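First the structure, in the form of structure tokens, and then the observations on it.
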Amino acid sequence: MNHLGDGKLDLLAGYDNVLVVNDLGETLYYDVADLSILVKLGHRPEDFIGQNILSFYTNLDASNSTVMTVLRTGQAMTNVEQRLITKTGSSYTCKSSTYPIEDGGTIIGAIEFSTHYFDKEDLKHVEAYAGHPIYRKNGTQYTIDDIIATSPFMASLKERLPRLAKSDTSILLYGKTGTGKNVIAQSIHNLSERFASPFVTLDCGGLVGEAVERVLFGVENQNALSIPGIFEKADGGTLFLDEINVLPLEMQARLLKVIGDKRVRRVGGTEEISVNLRIISAMNENPEELIQNKQLREDFYYRLAVLKVKLPELKDRQEDIQPFIDYFIQFYNNRMDMHVTELENELKNLFFAYNWPGNIRELRNVIEAAFHQVNGRTITAEDVPLIGNLQTELSETANQPIHTGNLRDAMDEFERVLIQNEYKKADGVLAETARQLGVSKQSLKYKLDKYGLRT
């Protein structure tokens, strides 16, 4: 009977990845919590199977590889930190514990538990990190434990979520950009009986032209490989339709029927396919206004909003700002092996005075930017250039006369100036402007056209 060698295997709660190799160092199994590491390596997960672990790194050989050393000596190596350089030129820090696998006194392989730490320039990889290994298989990153709920409204909502998750009733999440709709949707899925099945997200704002039908319903091709649509991919689980309000009215009508019948027909197909899923949808604009402006079908809205949850803006849940600061600092500390502890008081006061138009997403982006700059344990205003710019803008705005008149016109003018400034700062780069504003590229394109700002 196979058994692990000398090391006491308590399964090391702090580790994220598991690697199993045979006696030659060839990969038999690789369970990785963070797929961005594989992106850095330039491989897909299945590429590792059967390959020698040394073949992916330029600075490892049989003498300094933890895996190969354990295979050679039969002795466990615990909490070893290594700097790894990949064939693609990327590098990262890996902390690992490696144990021999024995059979009748013979070393037949090794098992390694590891965690990867990112450099400041690689923070973009951290965004997709799944902090809950038990759930990551279903396509989610978040559970109810990730919901910050110190404020009374959010505490009440968090308490309600298990009840909302029990049924298959459609839920509509309504809230401004960056208020955490994706976190709530994933939490509901992971609280439901469907948690073992896929959670599939579709950003409706990214759908354009003829691709809409193909993505939604799939393609039936008699002479080539048929492609399932997003409804089929979510079969058995949850389909999260984000920015549902940007879909054309005619597509809303199509979806209304599909959601009601729970049957889809692929483009080019003749047969209808049954699907068993729950629909959670989200929008960042007021649904009543969208209906009034003929941008949202009323029947489509009521089909989606059998249950409705409105998420407050961050400025309306001030009690949650400090917990969010602490959460993001801990998150980036864990992924970068850093030891930041706090914000200086002056900067913290600015955080509480700011309205956070980009909400939680903007706060996260500010903390992330600070991790690019901070050198000590305390984040200062100098580490967050955005706050310095904000101070200047607030000062300048304070000296401007307050205009009276139509509220909608005043809000549009504020939005136009904000978009124009960020678009200019990003040198007209659409993706960067959208990132800074915390909106989708599709929404940004619409706003740029609306205000005549496209270059």
When the residues of the range 275-301 are narrowed to those that are closer than 21 Å to T201 by Cα and not hydrophobic (A, V, I, L, M, F, W, C), which ends up surrounded by the most Cβ atoms within 10 Å (Cβ to Cβ)?
S281
Can you tell me which residues in the range 54-100 are modelled with pLDDT under 90 and of a type in the set (A, V, I, L, M, F, W, C)?
F56, L84, I85, C94
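In this structure, is F231 within 23 Å of A185 (Cβ to Cβ) and not in a helix (DSSP H, G or I)? Walk me through it before giving the result.
On the way: within 23 Å of A185 (Cβ to Cβ): yes; not in a helix (DSSP H, G or I): no.
Here the answer is no, as F231 does not meet what is asked.
Scan I244, I230 and give me the residue that is in contact with a Cys (Cβ under 6 Å, 6 or more places away or on another chain), under 30 Å from K447 (Cα atoms) and either modelled with pLDDT of 90 or more or of a type in the set (D, E) (or both). Give the steps one after another, and end with the answer.
Details: I230 fails: in contact with a Cys (Cβ under 6 Å, 6 or more places away or on another chain).
Within the list I244, I230, the selection yields I244.
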Close pairs from the range 367-384: first under 18 Å from N334 (Cβ atoms), partner among the acidic types (D, E) and part of a helix (DSSP H, G or I), Cβ under 6 Å, at least 6 apart
A370/D383; V374/D383
If you go through the range 1-36, how many residues are at pLDDT below 85, surrounded by 13 or more Cβ atoms within 10 Å (Cβ to Cβ) and of a type in the set (A, V, I, L, M, F, W, C)?
6
With respect to the numbered conditions (1) buried (at least 17 other Cβ atoms within 10 Å of the Cβ); (2) of a type outside the set (A, V, I, L, M); (3) closer than 30 Å to I367 by Cα, which one is the sole condition not fulfilled by Q330?
(1)
The lone exception for E159 - which of (1) crowded, with 17+ Cβ neighbours inside 10 Å; (2) not small (G, A, S); (3) not in a loop (DSSP other than H, G, I, E, B) it fails
(1)
Any chance Q330 is among the polar types (S, T, N, Q), part of a loop (DSSP other than H, G, I, E, B) and on the phi < 0 side of the Ramachandran plot
no
Scan the range 310-324 and report the pairs whose first residue is farther than 16 Å from V183 by Cβ and whose second residue is surrounded by 14 or more Cβ atoms within 10 Å (Cβ to Cβ), with Cβ atoms within less than 6 Å and a gap of 6+ or a chain change.
K315/W356; E319/T150; E319/S151
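Filtering the range 355-378 down to residues that are outside any helix (DSSP H, G or I) and touching an Asp or Glu at 6+ places or on another chain (Cβ under 9 Å), which residue is farthest from T433 (Cα to Cα)?
If we filter the range 355-378 for residues that are outside any helix (DSSP H, G or I), which is where we start, we get 355-358, 374-378.
Now restrict to residues that are touching an Asp or Glu at 6+ places or on another chain (Cβ under 9 Å): 355-357, 374-375, 377-378.
Numbers: N355: 19, W356: 16, P357: 14, V374: 24, N375: 27, R377: 30, T378: 28 Å.
The selected residue is R377.
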For N349, indicate whether it is without any contact (Cβ under 8 Å) to a residue 24 or more places away in the chain and assigned to a loop (DSSP other than H, G, I, E, B).
no
For I367, which of the numbered conditions (1) hydrophobic (A, V, I, L, M, F, W, C); (2) farther than 22 Å from T177 by Cβ; (3) crowded, with 19+ Cβ neighbours inside 10 Å fails to hold?
(2)
Any residue at all in the range 383-405 that's surrounded by 10 or more Cβ atoms within 10 Å (Cβ to Cβ), modelled with pLDDT of 85 or more, assigned to a helix (DSSP H, G or I) and not small (G, A, S)?
yes
Out of S187, S197, which single residue is assigned to a loop (DSSP other than H, G, I, E, B) and either touching a helix residue (DSSP H, G or I) at 6+ places or on another chain (Cβ under 8 Å) or buried (at least 21 other Cβ atoms within 10 Å of the Cβ) (or both)?
S197
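Here are G178, G205: which of them is small (G, A, S), assigned to a helix (DSSP H, G or I), in contact with a helix residue (DSSP H, G or I) (Cβ under 7 Å, 6 or more places away or on another chain) and crowded, with 16+ Cβ neighbours inside 10 Å? Lay out the reasoning, then the answer.
Numbers: G178 fails: assigned to a helix (DSSP H, G or I).
Result: G205 is the single residue among G178, G205 that is small (G, A, S), assigned to a helix (DSSP H, G or I), in contact with a helix residue (DSSP H, G or I) (Cβ under 7 Å, 6 or more places away or on another chain) and crowded, with 16+ Cβ neighbours inside 10 Å.
This table checks each residue for (1) at pLDDT 95 or above; (2) within 29 Å of the chain's Cα centre (by Cα); (3) over 30 Å from A196 (Cα atoms); (4) not aliphatic (A, V, I, L, M).
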site: N276; (1), (2), (3), (4): yes, yes, no, yes
site: I280; (1), (2), (3), (4): yes, yes, no, no
site: P287; (1), (2), (3), (4): no, yes, yes, yes
site: L290; (1), (2), (3), (4): no, yes, yes, no
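The values are calculated or read from the model by the stated rules, or taken from the named source; none is laboratory data. Since the model is a prediction, treat every value here as computed from it, not as a measurement. Please note: Cβ atoms are built from the backbone with ideal geometry, for glycine as well, and neighbour counts cover all protein chains shown.
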